[in-house]
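Note sheet for the following structure.
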Amino acid sequence: MKEKNTALAPLRRWLAVAAVGLILLFSLLYLLAQLRPGLEFGDGLLYPADTGGEGAVYTGRVDGAWAVLTVGEDGAITYRWGETEYGPYTVRPDPTAVPDGEMAHFLTGVELRRGDQVLFRGGWLEAGDTFLLLAEDGTPVWDSAVPEDGEDDPHAPPLEALLSLSHGTPELIRRGNPLFWLLGTFAAVVALAEILFADQLFRHRLSFHIRDPERAEPSDWELARRVLAPLFLLLGALIAYLAGLSLFLH
C-alpha cells in the first residue's frame, strides 16, 4: 500500500540529500584534519610552514586574524597577529625563579624576557595534558597572555605556548575525534534509513501489535514523525560532527 504523504515527500527527499551531504562533507573534513597536524595555540591551531631550515614557522587564523609564530634558530620567539607584532621573546632556565612550596622539586624555573625587560619569572611543569604554571611568588597562572607594556592584551601569545616552544620541538595535534565522527555518521545513516524505508519500518513495528500490518495506513502523526525523526537525527549528527572537530576533542 502506498503511503499518503505526497505533501511531505519533497521535504523528506531534501532530508535524504542533507543526510548524504553531511556524511560526505564531514568525512572529508575529518580526513583533512587528520592529515594536517598543527600546533595548539590559544583557541586555535597554527600549522607548520616550510622555511627552508631556518628556524620554525607556524601560521593560521586566530580570533579571525592571520597569525604567524616564528621560532628562530637562536630560540627567540616572535609572534604577529594581524598587523600587531609581539616579541621577540627569549626563555632561559633560572632555578632561582622556582617558588617555594611542595611543588618546588617538580617545577622547572624559567625567566621570560623581551629584550632586557623581564615579563615573567616562575616555575612550570608540563606532563602530557597537564600544565602547571606558578609565578615566582607562588601564584597560579591560568591561560594568561604575556603582558604587554603593563597592560593585558588578549591577543598576545599565551605564556604556556611560549614556554612549551622553548622546551623543544612542540607536539603537533590533529583536530577531529573519530568517535564523534562515528556518532555523527551513525545518526545520519539512521536518519537516511528512516527516510528511505519509512513504510517498511512502519509495518515492521506494527507486526508486533496487529495481525495484518500490510493493510494498515499511517496516521497523520506517523506521517509527521517520518519528517521530524530524521530531522532531529540530522541535527544530532551535525552537533556530533562539529563537537568532534573542536580543538580540545582531539
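When region 99-121 is examined, which residues are found to be open to solvent by 30 Å² or more (accessible area, probe 1.4 Å), on the phi < 0 side of the Ramachandran plot and assigned to a loop (DSSP other than H, G, I, E, B)?
Restricting attention to region 99-121, the residues satisfying the condition of being open to solvent by 30 Å² or more (accessible area, probe 1.4 Å) are 100-106, 108, 113-118, 121.
Then keep just the ones that are on the phi < 0 side of the Ramachandran plot; that gives 100, 102-106, 108, 113-114, 116-118, 121.
Answer for region 99-121, where residues must be open to solvent by 30 Å² or more (accessible area, probe 1.4 Å), on the phi < 0 side of the Ramachandran plot and assigned to a loop (DSSP other than H, G, I, E, B): Asp100, Glu102, Met103, Ala104, His105, Phe106, Asp116.
Return the residues of region 214-239 that are at pLDDT below 90 and among the hydrophobic types (A, V, I, L, M, F, W, C); say none if nothing qualifies.
Ala216, Trp221, Leu223, Ala224, Val227, Leu228, Ala229
Would you mention how many residues in region 58-89 are in a strand (DSSP E or B), in contact with an Asp or Glu (Cβ under 8 Å, 6 or more places away or on another chain) and open to solvent by 20 Å² or more (accessible area, probe 1.4 Å)? Spell out the reasoning first.
Step one: list which residues in region 58-89 are in a strand (DSSP E or B), which gives 58-62, 65-71, 77-81, 84-89.
Narrowing further to those that are in contact with an Asp or Glu (Cβ under 8 Å, 6 or more places away or on another chain): 62, 78-79, 81, 86.
From what's left, open to solvent by 20 Å² or more (accessible area, probe 1.4 Å): 78, 81.
Within region 58-89, residues that are in a strand (DSSP E or B), in contact with an Asp or Glu (Cβ under 8 Å, 6 or more places away or on another chain) and open to solvent by 20 Å² or more (accessible area, probe 1.4 Å) number 2.
What's the number of the only condition in (1) on the phi > 0 side of the Ramachandran plot; (2) modelled with pLDDT of 80 or more that Gly53 fails to meet?
The single condition Gly53 does not satisfy is (2).
Look at Ala16 and say whether it is at pLDDT 85 or above and either open to solvent by less than 40 Å² (accessible area, probe 1.4 Å) or in contact with a helix residue (DSSP H, G or I) (Cβ under 6 Å, 6 or more places away or on another chain) (or both).
The answer is yes for Ala16.
Yes or no, residue by residue, for (1) modelled with pLDDT of 80 or more; (2) closer than 17 Å to Pro93 by Cβ; (3) in a strand (DSSP E or B):
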position: Gly123; (1), (2), (3): yes, yes, yes
position: Trp142; (1), (2), (3): no, no, no
position: Leu163; (1), (2), (3): no, yes, no
position: Leu179; (1), (2), (3): yes, no, no
position: Thr185; (1), (2), (3): yes, no, no
position: Val189; (1), (2), (3): yes, no, no
position: Ile195; (1), (2), (3): yes, no, no
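Go through region 125-140 and count every residue that is outside any loop (DSSP other than H, G, I, E, B) and modelled with pLDDT under 75.
Of the residues in region 125-140, the ones outside any loop (DSSP other than H, G, I, E, B) are 125-127, 130-135, 140.
Those still in the list that are modelled with pLDDT under 75 too: 126-127, 130-131, 140.
Summing the residues that are outside any loop (DSSP other than H, G, I, E, B) and modelled with pLDDT under 75 in region 125-140 gives 5.
Using the structure shown, decide if Thr96 is more than 30 Å from Leu231 (Cβ to Cβ), at pLDDT 80 or above and not in a strand (DSSP E or B).
yes
Report yes if Leu29 is within 30 Å of Val190 (Cα to Cα) and either aliphatic (A, V, I, L, M) or buried (at least 17 other Cβ atoms within 10 Å of the Cβ) (or both), otherwise no.
It is true that Leu29 is within 30 Å of Val190 (Cα to Cα) and either aliphatic (A, V, I, L, M) or buried (at least 17 other Cβ atoms within 10 Å of the Cβ) (or both).
State which residue is surrounded by the most Cβ atoms within 10 Å (Cβ to Cβ) when the search covers only region 144-161 and only residues that are part of a loop (DSSP other than H, G, I, E, B) and modelled with pLDDT of 70 or more.
Taking the candidates together, the pick is Pro157.
The values are calculated or read from the model by the stated rules, or taken from the named source; none is laboratory data. Predicted model, so just to flag it, every value in this text is computed and none were measured. Methodologically, a virtual Cβ is constructed for each residue, glycine included, from the backbone with ideal geometry; neighbour enumeration extends over all protein chains shown. Just so you know, the surface numbers come from the protein's heavy atoms only, side chains and all, with ligands and any DNA or RNA stripped out. Shrake-Rupley method; radii C 1.70, N 1.55, O 1.52, S 1.80 Å.
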